[in-house]
1. Sort the following peptides by mean Cβ neighbour count (other Cβ atoms within 10 Å, averaged over residues), highest first: 51-61, 120-130.
2. Can you work out D for the range 150-253 in µm² s⁻¹ from Stokes-Einstein, where Rh is the Kirkwood radius over C-alpha pairs, the temperature is 20 °C and the viscosity is 1.002 mPa s?
3. Taking the alpha-carbon distance from Lys81 and a cut-off under 16 Å, which aspartates and glutamates remain once sequence neighbours fewer than 8 residues away in the same chain are dropped?
4. Subtract the Cα-Cα distance of Arg73 and Lys175 from 0.36 nm times their separation in residues, and report this length gain in nm to one decimal.
5. State the extension gain, in nm to one decimal, for the chain segment bounded by Ile148 and Gln225, taking 0.36 nm per residue of separation less the distance between their alpha-carbons.
6. In nm, to one decimal, how far is the Ala197 label point from the Asp111 one, both placed 7 Å along Cα→Cβ?
7. Ranked highest first by the average count of other Cβ atoms within 10 Å around their residues, in what order do 139-146, 97-104 fall?
8. Could you please state, rounded to a whole Å, how far the C-alpha centre of the range 237-254 is from the C-alpha centre of the range 169-216?
Amino acid sequence: MKANSPMSRREALKVLGAGAVAAGLAAVTGKSFAADAAAAPAAPVAAPAGSLGWELPPLGFAYGALEPHIDARTMEIHHSKHHQAYITNAKKLLEGHPDLLAAGPEALIRDFAQVPEGIRTGIRNNAGGHVNHAFFWKVIAPDTGASIGQLGVAIAGAFGSMDEFKKQFSAAALKRFGSGWAWLAMKGGALQVLSTANQDSPLSDGAHPVIGLDVWEHAYYLHYQNRRADYVAAFWNVLNWTQAERNYHAALTG
Ligand SMILES: [Fe+2]
């Protein structure tokens, strides 16, 4: 909690929109989310207002707020050290490329062709790490909402049941060899469970992430050591369904 001032519960709830489930979902489908999901430009122009920049985004909750499922020390190191390092490294790589810096991280990982070959892998790893972690901090929360919105209906339609979705998502998280991510993403107009290696993002493959889980060891090793399965099982206790619903609606319009 040193590098990131914790919000009060009231502030955190406001930020997380924890009350926006079920009846409130109409608001989630509103224009603000459609605007968030506006397609990124292919050319490196200034990033749209409100999109991710090159600064460490604050958490909407205190580092210890997810305990016992994710411990405070892990959250602090993960957010203030690992995530910050991706940003620092990406900005260093982009020195001398003000146009790419202005485009913003999401635009770069959506279209690597605009990134010079000499820094492309570094940008893939570090801008990818920045975008993935910024996404992850929003889909975990102490106040998780409920999976009863339109996303819940869509998941049941795509996978047969919520339990079957969780089974497939967990399997993807456990099968990912080494470091990477498990995702629920919209791709080709359908909800799919995906897995990516390292800091690769579904955005680079034309997919829109709805739920993501970091399965790098740095995300869980202090508390769970080698027990990735226990960490993956605990994820369902902190998954922010309210944010996932927002992501789903953004994906529908994106
Ligand atoms: Fe991570």
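1. Final packing ranking: 120-130, 51-61.
2. The calculation lands on 154 µm²/s.
3. Within the straight-line limit of under 16 Å, Lys81 reaches these aspartates and glutamates: Glu55, Asp71, Asp214, Glu217.
4. Contour length minus the Cα-Cα distance gives 34.1 nm.
5. Gain in length upon complete extension: 24.4 nm.
6. In this crude label model, Ala197 to Asp111 measures out at 2.7 nm.
7. Top to bottom by mean Cβ count within 10 Å: 139-146, 97-104.
8. Rounded to whole Å, the Cα centres lie 14 Å apart.
Bear in mind these aren't lab numbers, they're just calculated from the coordinates by the rules spelled out. Everything numeric here is computed off the predicted structure, so don't read it as measured data. Here the Cβ is made from the backbone with ideal geometry for all residues, glycine too, and neighbour counts use every protein chain on show.
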